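Bear in mind that the values in this text are calculations on the coordinates, not laboratory data. Bear in mind that the values here come from a model prediction, so they are computed numbers and not experimental data. We place every Cβ from the backbone using ideal geometry, glycine too, and count neighbours over all the protein chains shown.
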Amino acid sequence: MKASSLLTLSLTLAIASAPLRSHAEEGAGWRDDLIDHLAGPWRLEGRIMGRDAHHAVRAEWVLSHQFLRIHEETDAGAPASERRYEATWFLGYDPLSERYVLHLLDVFGGRYSETIGYGVRDGDAVRFVFEYPDGPFHTTFRWNREKDTWQWLMEQKDKDGKWTVFGDLGLARLPH
């Protein structure tokens, strides 16, 4: 009787400690050969909703290298007529679902930050799908290896169900 109790206790302890070990191993940080190229300072230029956009972007690894935090704001040198904008994105990866996650917090408040984008990689691009309350929205980050530049393409479905370009932006690397 004592041997079976000892066996039961040993199995219980092994099972109970398994999640602690796997959780500790996950804390080692996330490495991604594509997303690593997005870290650093950038100049963003392009068009959003038909208007020119000039933003400063800085991307850096945070939270034990689990997320790339991307801070974006209207550049100080942008024309005074340009609509001011600021956002912080948190880009991570969920190994269980094998997909990227993208959290957006911006000047438009909590309504749009409640929706997480989920993405999959296709070569040197990751396409995120956001299912917003007012309709689906896509954001694609595409890296150009030869030029070390990025394209951010944002598309939304219009009221007729047709995909339209919301924004087409280019990122050029700045010196550290």
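Ignoring aspartates and glutamates fewer than eight residues from Lys159 along the same chain, the ones with Cα atoms less than 16 angstrom from its Cα are Glu131, Asp134. A simple count of charges around Trp163, restricted to other residues whose Cβ falls under 11 Å of its Cβ and scoring Lys, Arg +1 and Asp, Glu -1, yields -1.
When the range 35-173 is described by a simple charge dipole with +1 on each Lys and Arg Cβ and -1 on each Asp and Glu Cβ, the residue from Gly40, Phe67, Val165 located farthest towards its positive end is Val165. Once the Cα-Cα distance is subtracted from the 0.36 nm per residue extended length, the Ser81 to Glu146 segment shows a gain of 20.0 nm. Within straight-line reach of Lys162, meaning a Cα separation under 12 Å, there are no aspartates and glutamates at least 8 residues removed in sequence or on another chain. Taking other residues whose beta carbon is less than 14 angstrom from the beta carbon of Asp124, and scoring Lys, Arg as +1 and Asp, Glu as -1, yields -1.
What aspartates and glutamates sit close enough to Lys147 to cross-link, taking a C-alpha to C-alpha distance under 18 Å and skipping anything fewer than 8 places away on the same chain? Of all the aspartates and glutamates, those that pass the test against Lys147 - Cα under 18 Å, at least 8 places apart if same chain - are Asp33, Asp36, Glu45, Asp124, Asp168.
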